[in-house]
1. Bin all alpha-carbon pair distances of the stretch 98-147 at 5 Å intervals from 0 and give each bin's fraction as a whole percent.
2. Given contacts defined as C-alpha pairs under 8 Å and at least six residues apart, what's the relative contact order of the chain, whole-number percent?
3. Using +1 at the Cβ of each Lys and Arg and -1 at the Cβ of each Asp and Glu in the stretch 34-140, identify which of Ile86, Ala96, Tyr137 lies farthest towards the dipole's positive end.
4. Please tell me which of these pairs span more than 23 angstrom C-alpha to C-alpha: Lys62/Lys91; Lys29/Lys71; Lys49/Lys138; Lys16/Lys71; Lys29/Lys81?
5. Just Thr70, Thr120, Thr34 to compare: in a GNM of the chain, with alpha carbon springs under 10 Å, which one fluctuates most?
6. Please give the net charge around Arg55, taking every other residue with its beta carbon less than 13 angstrom from that of Arg55, where Lys and Arg add +1 and Asp and Glu add -1.
7. Students often get this wrong, so try it: which of [x] 50, 32, 31; [y] 65, 29, 28; [z] 41, 32, 30 is Cα extents along the principal axes in Å as calculated from the structure shown?
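Every number here is computed from the coordinates shown, using simple stated rules; none is lab data. Since the structure is predicted, the reported quantities are computational estimates derived from the model, not experimental observations. Every residue, glycine among them, receives a Cβ derived from its backbone with ideal geometry; neighbour counts consider all protein chains shown.
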Amino acid sequence: MIRLNLPRYPFRVKSKENKLYIFDQNRKKEVLLTDEEWVRQHFVEYLVKGKNYPRSRVAVEKQCQVERMTKRTDIIVFDRKGEVEIIVECKAPSIAINQDTFDQIARYNLELKANYLIVTNGLEHFFCQMDHEAREYKFLRDIPSYV
């Protein structure tokens, strides 16, 4: 798999029927190792090991209702009250991050009301803090660590 612009983490990867699978620590199961899944697994570990978010507060591929349609967010981080704190949208490294990507996460956030939005393809990462009253966001260098 491609080297990402994230720290390296040890993953359990195995081959079955000529396909690679990675063990997802959060979902407690092996999942097909696609390029997007590679990014998603690295970013979860970055949140847990690099930013100290408790694994118990991190959900992977969580279903949510957006404009009366069922969607799946790549990663959601919940705060101590169980409210959505962070939404992460992951793309494969070969996918350029563009306005459509930001529009997608913004649509999710209309319902979820996260304080932080992150868009990543594993090579580039964009961190935003929401100002819900002004209905805008500002870009950050990184997200804060869990405290």
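1. Cα pair-distance distribution for the stretch 98-147, in percent: 5, 18, 32, 26, 14, 4, 0.
2. Details: 251 pairs, mean separation 27.4, N = 147.
Contact order relative to length: 19 percent.
3. Going by the charge dipole, the pick is Ile86.
4. Distance filter (> 23 Å) returns Lys49/Lys138; Lys16/Lys71; Lys29/Lys81.
5. Thr70
6. Here the count lands on +3.
7. [x]
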